[in-house]
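One structure below.
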Amino acid sequence: MTETYSVSVQEDPKTKDLFFELPSSLIEGLGWQPGDDLKWDETDDGGFRLTRVKMETVELDLDDEELFKYMQLAHEKNITFNQFVEEALTDVIESEEKKNG
């Protein structure tokens, strides 16, 4: 079952930042908590998807030459180095999951 919610975009009078508040029933239904990390993704149909993400710290052991190479690749893709690493790790995890069933 799909539920639809409407929210109003508001403006902070001091900072002029735009924001909206999600209904508490939606937040509770999703199991979200204050302080959760959320990620916006644009969908193919021009909409947006908001998902909760769990951040993990991953230590990389790269020499200067490797780091520079990967930073250049991220730059070529017009993304941050962190986004580049996240994409690479996601690809590896998905590949392993497909192999293992």
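Where a number appears in this text, it was derived from the coordinates with a stated rule and is not lab data. What you see is a predicted model, and the numbers here were worked out from it, not measured in a lab. Here the Cβ positions follow ideal geometry from the backbone for every residue, glycine too, while neighbour counts run over all protein chains shown.
Observations
- Debye log10 I(q)/I(0) for segment 1-41, one point scatterer per Cα, at q = 0.24, 0.34 Å⁻¹: -1.06, -1.14
- Magnitude of the charge dipole for the chain, about its Cα centre and with charges confined to Cβ atoms of Lys, Arg (+1) and Asp, Glu (-1), is about 400 debye.
- Alpha-carbon centroids, segment 38-59 and segment 67-101: separation in whole Å: 15
- Karplus-based coupling profile of segment 86-96, in residue order and whole Hz: 4, 4, 4, 5, 4, 4, 5, 4, 5, 4, 5, with θ = phi - 60° in 6.51 cos²θ - 1.76 cosθ + 1.60 and x standing for Gly or Pro.
- Packing rank of 22-29, 42-49, 81-88, where each peptide gets the mean count of other beta carbons within 10 Å, highest leading: 81-88, 22-29, 42-49
- The 3J(HN,Hα) values that the Karplus relation (6.51, -1.76, 1.60; θ = phi - 60°) gives for segment 38-55 are, in residue order, 10, 10, 9, 10, 7, 8, 5, 8, x, x, 9, 10, 10, 10, 7, 10, 9, 8 Hz. Gly and Pro appear as x.
- Each other residue within a Cβ distance under 11 Å of Val53 adds +1 if Lys or Arg and -1 if Asp or Glu, for a net charge of -2.
- In summary, the lysines within cross-link reach of Lys16, defined as a Cα separation below 24 angstrom excluding same-chain residues under 8 places away, comprise Lys39.
- Label of the coordinate-derived value, P(r) over Cα pairs in 5 Å bins from 0, in percent, listed as [x] 2, 8, 12, 17, 17, 15, 13, 9, 5, 2, 0; [y] 2, 12, 15, 15, 10, 7, 7, 6, 6, 5, 5, 4, 3, 2, 1, 0, 0; [z] 2, 14, 21, 20, 16, 12, 8, 5, 1, 0: [x]
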